[in-house]
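Structure first, commentary second.
The values are calculated or read from the model by the stated rules, or taken from the named source; none is laboratory data. Computed from a prediction, not measured in an experiment: that's the story for all the values here. Every residue, glycine as well, gets a Cβ built from its backbone with ideal geometry; the counts of neighbours run over all protein chains shown. All accessible areas refer to the heavy atoms of the entire protein, side chains included, with ligands and DNA or RNA removed. Shrake-Rupley method; radii C 1.70, N 1.55, O 1.52, S 1.80 Å.
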Amino acid sequence: MRMHSPRLSVITVVYNNAADIERTLKSVINQTYTKIEYVVIDGASTDGTLDILKQYQDNITTLISEPDKGIYDAMNKGLEIATGDYVLFMNSGDEIYADNTVAKVFESGDEADIYYGETEMIDGIGKSLGRRRHKAPNKFTWKSFKYGMSISHQAIYVRRSLAEPYNNTSYSLSADIDWILTAAKKAKKIIKVEGYVAKYLVGGMSKKKHRQSLIERFNIMRKHYGLIPTILNHGVIAFNLGWYWLLHRRTND
């Protein structure tokens, strides 16, 4: 029997994504778990996104629509507003895996600093592309990312007291990796939730600006693991990526 039911702050950031935002909203709003604070940060969308958000305003705890300085600036706004025991970032186009997922996460164990699980990749029409290429480790520590981001941002629940602001000054595309590693270094108890906990829509900004994203990721790995280990580890990353592509003709990052 659980001692308590923690409050979860789900934060969604969106800008001009009328095509996908409703799917994300429904995945949060339809959760069977009731202690959810839902914060939505819109970057002053002009494509009809805000009209959709207003349709669901009664189910959103806090809705802000104003210009921002990029995705991580918007995420920091959400983090400042959040009051829950834990935070989960579920950005536009991504989904909590099933209606009972949040309940499943917190039923997996008490008082973890981090909960995490697997992510299913989906395309623009919601078709499954299977599990991410990086399988979530059975035991996650801050060292687990040395061969790549083995847990997606949408599949990790972090105790809010461990969640620092995103470094949106140094990183504009990959600050989430640095954010997760920073939290993991402080975590005392980490629990893996069996099975899928999130769906990730492929083709985000890190894909559109792939070279910049790779440079940022390398710099983040160097910061946390050191230069020489990062260079050596990238040899393993390149081999694993090439082998996966040969087998599947896609990368499923």
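Percent relative contact order of the chain, based on C-alpha pairs within less than 8 angstrom and at least six residues apart?
21 percent
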Quick check on packing: order 14-21, 181-188 by the mean number of other C-beta atoms within 10 Å, highest mean leading.
14-21, 181-188
Which order do Y116, Y225 take when ranked by solvent-accessible area (1.4 Å probe, heavy atoms of all protein chains), largest first?
Y225, Y116
Does the range 110-149 come out rounded, prolate or oblate by the C-alpha gyration tensor, with a ≥ b ≥ c the root eigenvalues, rounded set by a/c under 1.5 and, if not, prolate when a/b is larger than b/c and oblate if not?
oblate
Cβ-Cβ FRET estimate between L227 and I81, R0 fixed at 51 Å, reported to 0.05
0.85
Given a 1.4 Å probe, the accessible area of the range 84-223 per residue, as a whole number of Å², is 43 Å²
Figure the gain on full extension for R211 and R23 (residue separation times 0.36 nm, minus the Cα-Cα span) and round it to one decimal in nm.
64.7 nm
The percentage of the accessible area of the chain (probe 1.4 Å, all protein chains present) made up of carbon and sulfur atoms, to the nearest whole number, is 52 percent
Calculate, in nm to one decimal, what S170 and N59 gain on full extension: separation in residues at 0.36 nm each, minus their alpha carbon distance.
36.5 nm
Using a 1.4 angstrom probe, figure out how much accessible area the range 1-69 has per residue, in square angstrom, rounded to the nearest whole.
52 Å²
Please work out how much length the chain gains when fully extended from A44 to N16, using 0.36 nm per residue of separation minus the C-alpha to C-alpha distance, in nm with one decimal.
9.3 nm
Need one word for the range 29-86: rounded, prolate or oblate. Basis is the Cα gyration tensor (sqrt eigenvalues a ≥ b ≥ c); a/c below 1.5 gives rounded, then a/b vs b/c decides.
oblate
222 nm [θ] for the chain, helices only, -39500 (n - 2.57) per DSSP H run of 4+, per residue, to 500?
-10500 deg cm²/dmol
Answer rounded, prolate or oblate for the range 70-207, using the Cα gyration tensor with square roots of eigenvalues a ≥ b ≥ c: rounded when a/c is under 1.5, else prolate when a/b is larger than b/c, else oblate.
rounded
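DSSP H helices in the chain with Cα extent of 30 Å or more along the helix axis and mean Kyte-Doolittle hydropathy at least 1.6?
None pass (Cα extent of 30 Å or more, hydropathy at least 1.6).
Just need the relative contact order of the range 82-224 here, percent rounded to a whole number, with Cα pairs under 8 Å and 6+ apart.
Relative CO of the range 82-224 lands at 37 percent.
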